[in-house]
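Take a look at the structure below.
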Amino acid sequence: MTHWLFGAYRRLVLRHPAIWLILIALISVLAGFGLRGFHLDASSESLVLENDKALEYYRGISKQYGGGDFLVIAYTPKTGELFSREALSHLDALHQDLQTVEQVDSVYSALDVPLLFSPPTSFGALAQGYRTLRDDDVDLALAKQEFTDVSPMYRNLLSSPDGNTTAMLIRLKRDDKYFTLLNKRDALTEEFKASQDPALKEKLVSAREAYSAYNTERQIKQAQMIKDVRTVVAKHRDQAVLFLGGVPMIATDMISYVRSDLETFGLGVLLFILVSLLIIFRQPRWAALSLLCCAVATLWLSGWLGFMGWKVTIISSNYVSLMLIITMSITIHLIVRFRELQQQFPDADQNWLVNETVRLMARPSIYMILTTMVGFSSLVYSDIRPVIDFGLMMTIGIGTALALCYLLFPAFLKPLKVVPVKEGRDFTGHLTLRLASLTEHFHKPILIVGVVVVIVAIAGMARLTVENRFIDYFQKDTEIYQGMVLIDRKLGGTTPLDIIIDAPKDSASVNDSTGGESDPFADEPDAFSDPFADSFSDDTASDDPFAELASSTAKNPLEDAYWYTPQRLQQLVEIQRWLSDMPETGKVLSLATTYEVAEKLNNGPLSYIQLMLLSSFIPPDLRNQLVKPFLSDDGNQVRITVRIIDSNKDLKRDQLLKDIRKGLIENFDLEPEQVHLTGAMVLYNNLLQSLFDSQIKTMGLVFLAIFVMLIFLLRSIPIALISMGPSLVSAGLVLGIMGWINLPLDMMTITIAAITVGIAVDDTIHYVHRFREEFPHDENYIATMKRCHASIGKAMYYTSITIIAGFSILTLSNFNPTVYFGLLTGLAMLMALLCNLTLLPALLITFKPKIPLLK
């Protein structure tokens, strides 16, 4: 800090502590009001890529085939069998209660589906109506056999193999207002990008605000809906074992876990830090000051986010932890320097000690914050909105933390009296000096070990993946984990994947025949006219399930459909069987499933005529269940729904998607442009893969930005290069360890490298600045290193131990990403401390760079 700037700081801040205490209190109260607008974003948009073309395609497919958000309930009666009147009556009661929940569009269960094989029926009879499990005269033994074995449509979907567990599908209402606001925002975004028209910018801002406000309202309603569903489920748990599943529930529960951890463990972290600070400094004032700085800095940033309507996602929710770490570091360095001055000048008054402390520590603190801000601001070059928000959030937050600490520290201490420094046995001093002695005698082996560590870390980083499963986010004793396992094992899987296959571009010419083969009916003037009625005489009605349908002359809308021929439906059957044979897949449904049901009812393959008759006369409600979800209106596109076994320990999302796409193209003679994979699994995989790519790309940019800042601040390229060593080794080692232990990156731990770099750079700048300050005393590298270890080394040690102790409580969370984040943050602190107290001084005393003097 230049002399004139510090002079202004002294006049405006140091001479008026009471005024600044009042201002800080008033700003804190204002920030508290801002918390009312603070929200965690649990929407699907926070879990997918912004402007992802796959997201746009998914929304179109969902609208076309009637897909959308849904919940699943696994139902197992506690007593008796599922296929008993008592259990089915209770299932029906649950069905009716769920139907009353707001935002529930429909409830679909085994009670609603037609019984086709209990006993076997004909499609002609189905046209007049069908029986379900709600009918009192149904043979439940036959029905059980149909659900567990006979029907390819129902087994492992609506009934477990043992016939004692069933699934209920809760379809949620489509929110048309949400999609209207979303589409308007996206359209204006594209228009503004193309034209840069200021008038459009105003409309875009207004559209974003409207969408954001409604999205918040929608999330609250969705959370309430899931709560209401759970309330209904709880009322029926006396007679059945019930588990709730579904992507909306997982997303909402993830946010609930994060929010709960922030509230519950936030207090625990603060308590642990308080105890650690009391043990370290042995005086309540230092513990109170440290916690006050951390709490106020976090409050200010959170309040500002609330006022700005800036929502926090799972990815950016780590800002609280980082604010705590960085603010704690600034405060502890100030406290340690204050206590050093107090021991050096025991007769100095409080005013002089405070002024001298902030004067000596201002420059390294500013250097450290500026460098860290540059590192985080480089994240804005990511193409992922949550990462961009995280970078901007932290850039603003750590600047605020620096300003607050240099306002609150003097304002808090100046009114207090000087009290003697209380120190017991100087364990920390002995430890840091031991590390100095170790570095002095073994600095070359330390460098060799550093090189080996880098090689091992790079090898570990090469093993890093983001192939984590939803189920891995939760502890095994939690209800959500147990429910996902049950649905996976007994009801066909949890995570949905849609496979869309289009007709080839030249399908118009191909449609003149049935699958490229000669069509035996091609020469007929009208394949559905009266002459074909003669081929189905009344005396054959009992043997042919299609006989009753043949007399109509109705025009079939699928007459020109590419996929609606026996040959191509048989191809779909083969595709479905190939998909079902994969160990990662559960229940697979498509038009092929309906075709297999029809073949069973027909006691053999269907002819082209029979297939056309079937499509013409199937009742509308059955068409909605058996055809519409799998075939486009023109018949030139098919949809295959696959449920993924998320509990499969060998599940690798990205590789599975690649294998499916490659297999469809190579094994079934499909063109690449015909095959499209979509659904929640694809969107989430796109996010994780992009996060991984962005992490690698932005980390290079972060290191480059930090290196440039270090050159500017330290005014020495050699020292800047040396200072990069601890950050590179620390970040590489943490990521390398994750790779070697097969711990995948997820939405929370993806930022651990940035955290490690921030911590390491913090310690490095403080150490190098102190080294430059101490070096002119004797220009002896070894002696300077020892003095630095005995002074700034203590502050680095205190910061690391305090944060490690505080974050250790996160291991008690039921949300595994929080557990990993706590462990990895502690590991990052430890690695940064060791690198800066061994590797950094080893580099300095080995290469002996020219030390520029402080001005």
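The values are calculated or read from the model by the stated rules, or taken from the named source; none is laboratory data. Being a predicted model, the structure only gives us computed values, none of them experimental. When we count neighbours, we look across all protein chains shown, and the Cβ atoms used for this are built from the backbone with ideal geometry, even at glycine. Accessible surface is based on the protein model in full, side chains and every heavy atom, while ligands, DNA and RNA are left aside. Shrake-Rupley method; radii C 1.70, N 1.55, O 1.52, S 1.80 Å.
Observations on the model:
- Difference of contour (0.36 nm per residue) and Cα-Cα distance, ASP634 to GLU86: 192.9 nm
- Grouping the Cα pair distances of region 745-855 into 5 Å bins from zero gives a pair-distance distribution of 2, 12, 20, 19, 14, 11, 8, 6, 4, 2, 0 percent in increasing distance order.
- Candidates per trypsin sites (Lys or Arg not before Pro) in region 258-290, loop by DSSP, up to 15 other Cβ within 10 Å: ARG282
- Within the chain, helix-based [θ] at 222 nm, where runs of 4 or more DSSP H residues each add -39,500 (n - 2.57), nearest 500: -20000 deg cm²/dmol
- Projected label distance in nm at LEU704 and ASP506, using a 7 Å step from Cα toward the beta-carbon: 4.7
- Take the Cα of ASN780, step 7 Å toward its Cβ, do the same at LYS63, and the gap between the two points is 7.8 nm.
- For a modelled paramagnetic label at ARG237, 7 Å from Cα along Cα-to-Cβ, the residues of region 463-501 in reach, with backbone nitrogen under 20 Å, are 474-488.
- Lys/Arg +1, Asp/Glu -1 at C-beta; the chain dipole; positive extreme among SER160, PHE33, ILE314: PHE33
- Per residue accessible area of the chain, 1.4 Å probe, in Å²: 42
- Largest-first ordering by accessible area, 1.4 Å probe, given options ASP633, ASP498: ASP633, ASP498
- Cα-projected label distance for VAL380 with ILE665, points at 7 Å along beta-carbon direction, nm: 3.9
- HIS676 accessible area, 1.4 Å probe, all protein chains in place, Å² to nearest 10: 50
- Percent carbon-and-sulfur accessible area, the chain, ignoring ligands, DNA and RNA, probe 1.4 Å: 59
- Taking the C-alpha atoms only, the angle from helix 653-667 to the longest principal axis of the chain is near 40 degrees.
- Placing R0 at 25 angstrom, the Cβ-Cβ distance between THR100 and GLU217 gives a FRET efficiency of 0.70 after rounding to 0.05.
- Probe 1.4 Å - accessible area at VAL232, Å² to nearest ten: 20
- Paramagnetic reach from LEU30 (point 7 Å along Cα→Cβ, amide N under 18 Å) across region 391-405: 396-397, 399-405
- Positive end of the dipole of the chain (Cβ unit charges, origin at the Cα centre): among MET361, THR846, PRO415, the Cα lying farthest that way belongs to PRO415.
- R0 of 56 Å, Cβ-Cβ distance HIS3-ILE448: FRET efficiency to nearest 0.05: 0.80
- Among the protein heavy atoms, those of VAL374 account for about 40 Å² of accessible surface (1.4 Å probe, every chain in place).
- With 0.36 nm allotted per residue and the present C-alpha distance subtracted, the TRP352-GLN224 stretch has 40.4 nm of extension available.
- Fully extending the segment from GLN567 to THR264, taken as 0.36 nm per residue of separation minus the present Cα-Cα distance, adds 103.0 nm.
- Sorting LEU670, LEU416 by accessible area puts them as LEU416, LEU670; the probe is 1.4 Å, largest comes first, and only protein heavy atoms count.
- Computed from Cα positions, the angle between helix 176-195 and the longest principal axis of the chain comes to roughly 60 degrees.
- For region 24-32, Karplus couplings with θ = phi - 60° (6.51, -1.76, 1.60), whole Hz, Gly/Pro x: 4, 5, 5, 5, 5, 5, 4, 4, x
- A cut-off of 5 Å between modelled amide H atoms, ignoring neighbours fewer than 5 places along the same chain, links THR585 with ILE645.
- Nearest 10 degrees, 0 to 90: helix 591-602 Cα axis against the chain principal axis: 30
- Solvent exposure, largest accessible area first (probe 1.4 Å, DNA, RNA and ligands not counted), of ARG131, ARG469, ARG772: ARG131, ARG469, ARG772
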